[in-house]
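Worksheet for the structure shown next.
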């Protein structure tokens, strides 16, 4: 099914407040920017902490590689299903649950006691964070007309 650009833009503008659509759109975009920034920060913090983690748990470089890979594997595996959940139940609900999920597993990272627990926490953290960008892209598609989406996504990613 092909949707014309004009029909799509009209549909998008229906979802934006009639009083101040630009202001509302940019508030949503600002929240998505903060969300994306936090996901990248959360994802990379373990790299800075890796030397201390290796020393604390006596990990080998190979074990630390598995810890890093656990996040990446789960992120790749759950990105499409997480996007589908956002399409099915709404991006606001999906993004709220994603933030709660990854926040919980970020906190649990500090409670790990060894390789297995850290591996599982990083795996579940990656699964939770996987839907952030697909659902952000879907939100941008709903709030911005076609001509502005590329610039808006540039602000998110």
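Only a single item in (1) surrounded by fewer than 21 Cβ atoms within 10 Å (Cβ to Cβ); (2) part of a helix (DSSP H, G or I); (3) in contact with a helix residue (DSSP H, G or I) (Cβ under 9 Å, 6 or more places away or on another chain); (4) without any contact (Cβ under 8 Å) to a residue 24 or more places away in the chain is not met by residue 62, and it is number (3). Evaluating residue 46 against the criteria (1) within 20 Å of residue 156 (Cβ to Cβ); (2) at pLDDT below 95 leaves one unmet condition, (1). Scanning the stretch 105-119 for residues that are without any contact (Cβ under 8 Å) to a residue 24 or more places away in the chain, in a helix (DSSP H, G or I) and within 23 Å of the chain's Cα centre (by Cα) yields 105, 107, 108, 117. Modelled with pLDDT under 95 and surrounded by fewer than 16 Cβ atoms within 10 Å (Cβ to Cβ): is that true of residue 128 in this structure? Considered against the rule, which asks whether it is modelled with pLDDT under 95 and surrounded by fewer than 16 Cβ atoms within 10 Å (Cβ to Cβ), residue 128 comes out as no.
From the list 67, 46, which residue is touching a residue at least 60 places away in the same chain (Cβ under 8 Å) and either part of a helix (DSSP H, G or I) or surrounded by 13 or more Cβ atoms within 10 Å (Cβ to Cβ) (or both)?
Among 67, 46, only 46 is touching a residue at least 60 places away in the same chain (Cβ under 8 Å) and either part of a helix (DSSP H, G or I) or surrounded by 13 or more Cβ atoms within 10 Å (Cβ to Cβ) (or both).
Listed here are the residues, each with its yes/no results for (1) modelled with pLDDT under 95; (2) crowded, with 23+ Cβ neighbours inside 10 Å.
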| residue | (1), (2) |
| --- | --- |
| 96 | no, no |
| 102 | yes, yes |
| 111 | no, no |
| 117 | no, no |
| 121 | no, no |
| 142 | yes, no |
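The set of residues from the stretch 138-153 being free of Cβ contacts under 8 Å to residues at least 40 places away in the same chain and under 15 Å from the mean Cα position of the chain (by Cα) comprises just one member, 153. Counting only residues that are surrounded by fewer than 14 Cβ atoms within 10 Å (Cβ to Cβ), modelled with pLDDT of 60 or more and touching a helix residue (DSSP H, G or I) at 6+ places or on another chain (Cβ under 6 Å), the stretch 1-43 holds 1 of them.
The values are calculated or read from the model by the stated rules, or taken from the named source; none is laboratory data. Being a predicted model, the structure only gives us computed values, none of them experimental. No Cβ is skipped: glycine too gets one built from the backbone with ideal geometry, and neighbour counts run over all protein chains shown.
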